[in-house]
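In what follows, a single structure is set out as structure tokens and then discussed.
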Amino acid sequence: MVPGEAGAAVESASLANGDNNKRTAAAAAAAPAGSTGVATAWLIFYNVAMTAGWIVMSGVMLKHALLQGTVRGIYRSVEKPLKLFQTASVLEVLYSFFGIVPSSVTLKAFHVSSRIFLLWAVVHSVREVQNEESTLLFIVTWMVTEIVRYSFYTFTLLQYIPYCVKWARYSFFIVLYPLGVLGELLTIHAALPHVQRKGLYSITMPNAHNFSFDYHTFLIAIMIAYVPGFIQLYTHLLRERRLVLRVTQEQKVD
């Protein structure tokens, strides 16, 4: 699985070599392949709407924390819009599949599915973890990441990317990625005893299909898979960041 924070960053960074042809990674990830007016207009609307949605959710969370004086209940305060906007990102897989944007379908699918899985199959299904600090941690990293990412794509489609936005796109992950992965792992870990106690989503033998599935073990396997994935992707992102920002600096000098 591609951890939530990493997937979006890798998607753009992996295309950063396009800078050698004076194209930024953002352009590769956000610009419509056919460059049609309708596609561009739709993508601008989509990215602006997603940016606004994540900003509003951030404001709601901050307001809750300030007024209530506690982080408990923060997830519930943004639960519906969080599910709506995160699930709506499935559209981005379709954009890639139909060639509207020239990004990797596989990578985008992993990124989107990993987040949706965590949101619906863990946090939604195991309500006991909704007030965990780890849940708040990964949600905050998602919010910052998505505000930067969708802003970045919007500016790309408008053919003007402020350096501060580009820098944030290729720098914030240095902190956000480890924190996001930590939050996701701790949340899954917190869900394990509840999953085991309830037998959630597990299929026991005997049954008509002669098939068994242990969701508790499945979650443990996912946690183990995070470790090598994190190391590989994080080092890759650091290399691509140096490339993208170096090329940007060279273009500014030119």
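Can you pull out every residue in the stretch 85-103 that is buried (at least 16 other Cβ atoms within 10 Å of the Cβ), farther than 13 Å from Ile139 by Cα and not acidic (Asp, Glu)?
Correct list: Ser89, Val93, Tyr95, Ser96, Ile100, Val101, Pro102, Ser103.
Just to be sure before I move on: is Ser113 surrounded by 15 or more Cβ atoms within 10 Å (Cβ to Cβ), in contact with a helix residue (DSSP H, G or I) (Cβ under 7 Å, 6 or more places away or on another chain) and under 30 Å from Ile220 (Cβ atoms) in the structure I sent?
no
Please verify whether the stretch 196-206 includes one or more residues that are in contact (Cβ under 8 Å) with a residue 60 or more places away in the chain and crowded, with 19+ Cβ neighbours inside 10 Å.
no
Is it the case that the stretch 237-252 has a residue that's within 21 Å of the chain's Cα centre (by Cα) and without any contact (Cβ under 8 Å) to a residue 24 or more places away in the chain?
Checking the stretch 237-252: at least one residue is within 21 Å of the chain's Cα centre (by Cα) and without any contact (Cβ under 8 Å) to a residue 24 or more places away in the chain.
If I filter the stretch 37-84 down to residues being touching a residue at least 60 places away in the same chain (Cβ under 8 Å) and among the aromatic types (Phe, Trp, Tyr), which single residue comes out as surrounded by the most Cβ atoms within 10 Å (Cβ to Cβ)?
Trp54
Quick one: Met205 ticks every box in (1) modelled with pLDDT under 95; (2) within 22 Å of Gly73 (Cβ to Cβ); (3) of a type in the set (A, V, I, L, M) except a single one, so which number is it?
So the condition that Met205 fails would be (2).
With the stretch 39-152 as the region, which helices (runs of 4 or more DSSP H) entirely inside it contain at least 3 residues that are under 26 Å from Leu192 (Cα atoms)?
Here the list reads 74-88, 105-116.
Kindly check whether there is at least one residue in the stretch 213-226 that is under 14 Å from the mean Cα position of the chain (by Cα), assigned to a helix (DSSP H, G or I) and surrounded by 12 or more Cβ atoms within 10 Å (Cβ to Cβ).
no
The values are calculated or read from the model by the stated rules, or taken from the named source; none is laboratory data. Every value quoted in this text rests on a predicted model; they were computed, and no experiment measured them. Positions of Cβ are backbone-derived with ideal geometry, glycine not excepted, and every protein chain shown enters the neighbour counts.
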